[in-house]
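The values are calculated or read from the model by the stated rules, or taken from the named source; none is laboratory data. Predicted model only: the values in this text are computed from it and were never measured. So basically every Cβ, Gly included, is an ideal-geometry build from the backbone, and we count neighbours across all protein chains shown. For accessibility, only protein heavy atoms count, side chains too; no ligands or nucleic acids. Shrake-Rupley method; radii C 1.70, N 1.55, O 1.52, S 1.80 Å.
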Amino acid sequence: VQLQASGGGLVQAGGSLRLSCAASVSIFSIKAMGWYRQAPGKQRELVARITRSGAVNYADSAKGRFTISRDIAKNTVDLQMNSLRPEDTAVYYCNADRGFYREDWGQGTQVTVSS
């Protein structure tokens, strides 16, 4: 599965960004789609995830501020990020979990939040 992420950029604290991930196959065929992030010097961490059935889960840091959604017709998964904080600064990656330990990653998009 090829994943193309877009929508990153520079924003002031308190602002919003919307990330989009376009998949090369039907996202309904994928077990789960997710957004991860990796800040400098830190491990990659889950931000939000949506399963084939539509169940969603968020990192504690994202709850109440970020919303993951999907458009099955367009094969896209978006991450709406509101009330951004400097600590949200990271490279954000789209992930496709195809099950049985198979997964694919997008190229990453930089999100920078200035204080």
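Listing for the model above:
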item	result
Accessible area, probe 1.4 Å, largest first, for residues 100, 66, 28	100, 28, 66
Accessible-area composition of the stretch 24-115, carbon plus sulfur, in percent [1.4 Å probe]	49 percent
Amide H contacts of residue 108 (H built 1.01 Å from N, under 5 Å, at least 5 apart or other chain)	5, 94
Rounded FRET efficiency, nearest 0.05, which uses the C-beta distance separating residue 71 from residue 43 and R0 of 35 Å	0.70
Listed residues 63, 42 arranged by accessible area, highest first, probe 1.4 Å	42, 63
Dipole magnitude (debye, nearest 20) for the chain, charges at Cβ of Lys, Arg, Asp, Glu	160 debye
Modelled FRET efficiency - R0 22 Å, residue 102 with residue 53, Cβ distances, 0.05 increments	0.75
Residue 45 - accessible surface, heavy atoms, 1.4 Å probe, Å² rounded to 10	80 Å²
R0 of 22 Å, Cβ-Cβ distance residue 28-residue 61: FRET efficiency to nearest 0.05	0.20
Karplus-derived HN-Hα couplings along the stretch 24-33 (A = 6.51, B = -1.76, C = 1.60, θ = phi - 60°), whole Hz, x at Gly and Pro	7, 10, 4, 5, 6, 7, 9, 4, 7, 10
Solvent-accessible surface (1.4 angstrom probe) belonging to residue 50, in square angstrom, nearest 10	10 Å²
Surface per residue (accessible, 1.4 Å probe) for the chain, Å²	53 Å²
